[in-house]
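Q: Shown below is the structure under consideration.
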Amino acid sequence: MNMLSEPLLCPAAWQAAGLQARQDWTYRLTEADMAELDAALAATKREGVGVPAIRKEHFPLPRLGDTLLGLRQELEQGRGIVLVRGLSMDRYSKQDAGTIFWGIGAHLGRAVAQNAYGDVLGHVRDLGKDWTKDMSARGYQTTMHQPFHNDSCDVVGLLCLRAAREGGLSSIVSSVSIHNAMVATRPDLARLFYERWYVDRRGEQAEGDTPYYITSVFNYHNGRLFNRFNRMYIESAQRFPEVPRLTSLQKEALDQFDALCMRLRYDMDFQPGDMQFLNNYVMLHSRTDYKDYPESDRKRHLLRLWLFTPGLADIPEVLRMRYRDMDAWQSNPRPPIYKFEDVMSVSEH
């Protein structure tokens with residue numbers, strides 16, 4: 001176990017006040033950018049290529065592509081967050097907006113499947129589920145508060161198609177700052193997070209794998225700190241009798257971690273057209289609960305990308321175990337579904 005015994009000073013160890021004061025992690029699309037996006041969208045239609053077949057070469061962005069390269073470097077080496085604003089949802093259908101989002105993602109990295117259905121462009125939308133009771137449900141399919149966690153990829157991207165009537169704030173926190181606070185105040189608890197933790201796969205394991213995987217929450221690797229955390233899935237893994245029971249000290253560590261998430265978090269309000277990208281290794285994200293519109297077409301609706309990027313290829317070996325699931329899901333990628341009725345139909349099977 002290679003544990004950091006001192007706080008790690010790096011751009012990803014940000015504080016909420018600093019993030020609020022310096023908004024240079026936010027990029028607003030210009031008219032020239034929009035013209036390039038429109039031209040690239042038109043090119044995909046002329047060529048008859050759609051998601052998930054669209055690659056970077058299918059979606060040329062001569063100038064915006066250079067800007068996106070700089071944003072990718074901010075994700076990989078900087079604070080780990082980028083917010084792109086200015087995509088007018090009044091101009092595009094959901095499908096065209098999804099294609100633009102996918103095309104931007106293709107300039108940042110390689111998209112992968114997000115679930116056992118092979119969905120590569122996922123939906124974050126209430127499907128009336130309760131993930132505290134249904135082991136096949138996910139938090140993004142509910143209106144419920146989502147605890148802080150990160151996803152099983154390098155970078156997660158979200159595009160807001162429709163905002164909620166009330167609530168639904170996006171909350172983010174630097175996992176490096178959490179680590180630094182724990183090392184400074186409770187090194188005994190910080191040490192536990194470098195050890196083995198059992199995490200529920202929630203029924204989406206690859207054939208022949210266990211229904212849970214083993215990881216550490218903190219990993220120090222080649223000068224960088226990596227994080228993998230989802231308390232709800234750690235606790236639901238306790239349903240398997242062969243998984244070791246959580247100790248009282250581990251539960252105290254989880255409580256400390258949660259308290260730091262709430263104290264150090266930064267909240268933002270998604271607006272239609274916003275695209276948020278987060279480095280999962282140095283960032284945790286959450287969402288407040290929300291109230292939706294009764295009309296189906298007005299309900300809160302986000303599209304999601306999971307990306308692997310070139311600058312984050314060197315990761316701890318312990319994190320690669322989970323990525324075997326993504327490889328299995330990726331073997332049969334599924335084109336995106338945009339009709340709510342079709343999403344509901346698929347979710348029930």
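The values are calculated or read from the model by the stated rules, or taken from the named source; none is laboratory data. Since the model is a prediction, treat every value here as computed from it, not as a measurement. Cβ sites come from the backbone with ideal geometry, for glycine too, and all protein chains shown count toward neighbours.
Q: Please work out which one of (1) closer than 30 Å to residue 188 by Cα; (2) at pLDDT 85 or above; (3) out of contact with any helix residue (DSSP H, G or I) (no Cβ under 8 Å at 6 or more places or on another chain); (4) not small (Gly, Ala, Ser) is the condition residue 260 fails and give its number.
A: Only one criterion is unmet by residue 260, namely (3).
Q: Something else now. Determine whether residue 30 is modelled with pLDDT of 95 or more, of a type outside the set (Gly, Ala, Ser), over 22 Å from the mean Cα position of the chain (by Cα) and surrounded by 16 or more Cβ atoms within 10 Å (Cβ to Cβ).
A: no
Q: Right, next: Quick one: in region 181-236, which of the residues that are touching a helix residue (DSSP H, G or I) at 6+ places or on another chain (Cβ under 9 Å) and polar (S, T, N, Q) is modelled with the lowest pLDDT?
A: Residue satisfying both the conditions and the ranking: 205.
Q: Follow-up. Go through region 14-45 and give me each residue that's in contact with a strand residue (DSSP E or B) (Cβ under 6 Å, 6 or more places away or on another chain) and not hydroxyl-bearing (Ser, Thr, Tyr).
A: Of everything in region 14-45, those that are in contact with a strand residue (DSSP E or B) (Cβ under 6 Å, 6 or more places away or on another chain) and not hydroxyl-bearing (Ser, Thr, Tyr) turn out to be 14, 16, 19, 25, 28.
Q: Still on this structure, I have one more. Which condition number does residue 342 fail, the rest of (1) of a type outside the set (A, V, I, L, M); (2) loosely packed, with under 12 Cβ neighbours inside 10 Å; (3) modelled with pLDDT of 85 or more being met?
A: All conditions are met except number (3).
Q: Listed residues 83, 75; which is among the hydrophobic types (A, V, I, L, M, F, W, C), surrounded by fewer than 23 Cβ atoms within 10 Å (Cβ to Cβ) and out of contact with any Cys (no Cβ under 8 Å at 6 or more places or on another chain)?
A: It is 83.
Q: Being outside any helix (DSSP H, G or I) and touching a residue at least 12 places away in the same chain (Cβ under 8 Å) is the requirement here; does residue 257 meet it?
A: no
Q: Which of (1) in a helix (DSSP H, G or I); (2) buried (at least 19 other Cβ atoms within 10 Å of the Cβ); (3) not small (Gly, Ala, Ser) does residue 46 not meet, given it meets every other one?
A: Among (1) in a helix (DSSP H, G or I); (2) buried (at least 19 other Cβ atoms within 10 Å of the Cβ); (3) not small (Gly, Ala, Ser), residue 46 violates only (2).
Q: I've got another one for you. Can you name the residue in region 163-180 that is at pLDDT below 95 and either crowded, with 18+ Cβ neighbours inside 10 Å or among the hydrophobic types (A, V, I, L, M, F, W, C) (or both) and, of all such residues, is nearest to residue 282 (Cα to Cα)?
A: Restricting to residues being at pLDDT below 95 and either crowded, with 18+ Cβ neighbours inside 10 Å or among the hydrophobic types (A, V, I, L, M, F, W, C) (or both), the top hit is 170.
Q: Exactly one condition in (1) among the aliphatic types (A, V, I, L, M); (2) farther than 30 Å from residue 56 by Cβ; (3) touching a helix residue (DSSP H, G or I) at 6+ places or on another chain (Cβ under 9 Å) is false for residue 17; which is it?
A: Residue 17 satisfies all of (1) among the aliphatic types (A, V, I, L, M); (2) farther than 30 Å from residue 56 by Cβ; (3) touching a helix residue (DSSP H, G or I) at 6+ places or on another chain (Cβ under 9 Å) except (3).
Q: Tell me which residues, restricted to region 24-60, are among the polar types (S, T, N, Q) and either more than 24 Å from residue 112 (Cα to Cα) or touching an Asp or Glu at 6+ places or on another chain (Cβ under 7 Å) (or both).
A: Answer for region 24-60, where residues must be among the polar types (S, T, N, Q) and either more than 24 Å from residue 112 (Cα to Cα) or touching an Asp or Glu at 6+ places or on another chain (Cβ under 7 Å) (or both): 26, 30.
Q: Select, from 111, 39, the only residue that is of a type in the set (Gly, Ala, Ser) and surrounded by 14 or more Cβ atoms within 10 Å (Cβ to Cβ).
A: Answer to the selection: 111.
Q: Which condition does residue 269 not pass, out of (1) over 21 Å from residue 21 (Cα atoms); (2) surrounded by fewer than 22 Cβ atoms within 10 Å (Cβ to Cβ); (3) touching a residue at least 24 places away in the same chain (Cβ under 8 Å), if it passes all the others?
A: Single failed check for residue 269: (1).
Q: Another question about this same structure. As an exercise: evaluate residue 51 against (1) surrounded by fewer than 16 Cβ atoms within 10 Å (Cβ to Cβ); (2) in contact (Cβ under 8 Å) with a residue 12 or more places away in the chain; (3) part of a loop (DSSP other than H, G, I, E, B) and give the number of the one condition it does not meet.
A: (1)
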